[in-house]
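Reviewing the structure listed below.
Read the figures in this text as sums done on the coordinates, not as results from a lab. Everything numeric in this text was worked out from a predicted model, so none of it was measured. Using ideal geometry, Cβ is built from the backbone for each residue, glycine included, and neighbour counts are taken over all protein chains shown.
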Amino acid sequence: MKLSIVQTNPTFDEVQKNIDEAIALMESSPADFYVLPELFNTGYNFSTVEEVEQLAEPIEGITSTILKAFAHQRQCYIVYGFAESDDDVFYNSSALVGPTGLIGIYRKVHLYYRENIFFKRGNLGFPVFNTEFGKIGMMICFDWLFPEAARTLALKGAQLIAHPSNLVLPYCPDAMVTRCLENRVFTATANRIGSEDRGGFKFSYIGKSEIVSPNGEILTRLPDNEVNTAVIDIDLNEASNKRLNEFNDIFKERLKSVNHYL
Ligand code: ACM
């Protein structure tokens with residue numbers, strides 16, 4: 001399948017403009033599966049809970065409606081990050097939509113820094129969803145620092161981990177190589193660029209969106225300052241083979257060694 005990472009530069013609170021930017025980028029690079037950044041429609045740097053209340057959407061809100069229509073029209077899949085309102089509870093979430101509509105959501109488990117003021121920790125675990133191309137898991141940005149997130153998804157059968165991000169620390173793009181190697185999965189990290197200076201807090205986002213293979217090969221990595229996309233042809237079946245060589249199947253090895261952990 002043709003997998004695309006979409007690297008945007010959202011403006012805080014300009015939801016329609018941010019959606020339009022993402023749609024234009026997707027239109028410019030035809031693909032079967034797109035990954036957009038974390039909170040791609042609202043921007044990241046909330047300064048008050050009231051702003052979250054104003055900008056958060058239910059799972060099937062306006063952003064979902066627009067992206068589901070795009071996915072239906074183009075017969076493609078999209079993973080995107082958004083601020084989710086569930087009655088009066090807010091999550092930093094991602095959704096997977098496809099040609100027939102909503103497939104599933106993930107709610108970020110590892111909340112970074114001030115996200116802890118605005119969002120509740122995800123309560124859905126790390127679900128894996130079936131598509132015509134293979135099994136898809138999602139994690140969001142800071143989840144990268146916790147190997148258990150990718151490991152849980154891989155043990156549940158995920159072949160591709162879609163990873164909407166708003167990275168501010170410099171380590172993730174290289175660390176994802178290890179997440180792929182230790183799980184033999186594909187990852188697609190879609191990050192944003194630019195900076196946001198609001199309410200006395202400034203964040204600069206590092207770009208470098210990338211697709212990494214189960215062998216830890218960086219199949220594509222975008223620059224740190226460019227709104228752009230990259231499309232790579234991949235076969236998710238490659239991620240079903242956990243054998244490194246004739247002696248080491250990494251998941252079987254793990255089971256044989258499990259009594260030695262902790
Ligand atoms: C982050 O998790 N957005 C840094």
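Which residue, ASN41, ASN183, ASN245, has the most motion in a Gaussian network model of the chain that connects Cα atoms within less than 10 Å? Comparing ASN41, ASN183, ASN245 in the GNM, the peak value goes to ASN245.
Every helix of 4 or more DSSP H residues in the chain counts as -39500 (n - 2.57), and over all residues that averages to -7500 deg cm²/dmol at 222 nm. Taking Cα atoms only, the orientation of helix 15-28 departs from the longest principal axis of the chain by about 50 degrees. May I ask which residue of PHE82, PRO127, THR152 lies farthest towards the positive end of the charge dipole of the chain, with charges of +1 (Lys, Arg) and -1 (Asp, Glu) on Cβ and the Cα centre as origin? So the residue furthest toward the plus end is THR152. Counted residue by residue at 0.36 nm each, then reduced by the alpha carbon distance between them, the extension gain from HIS72 to SER240 reaches 57.7 nm.
Extension gain for ARG121 to SER29 (0.36 nm times residue separation, less C-alpha to C-alpha distance): 29.7 nm.
What is the sum of charges around ILE66, taking Lys and Arg as +1, Asp and Glu as -1, for the other residues whose C-beta is under 15 Å from the C-beta of ILE66? After counting each charged neighbour, the total is -3.
Residue separation of SER195 and GLU132 scaled by 0.36 nm, minus their Cα-Cα distance, works out to 19.0 nm of gained length. With the cut-off at under 12 Å, measuring from each backbone N in segment 78-97 to a point 7 Å along the Cα-to-Cβ line of GLU60 picks out no residue. Among SER209, SER240, SER165, the largest mean-square fluctuation in a Gaussian network model of the chain, built with springs joining Cα atoms closer than 10 Å, belongs to SER240.
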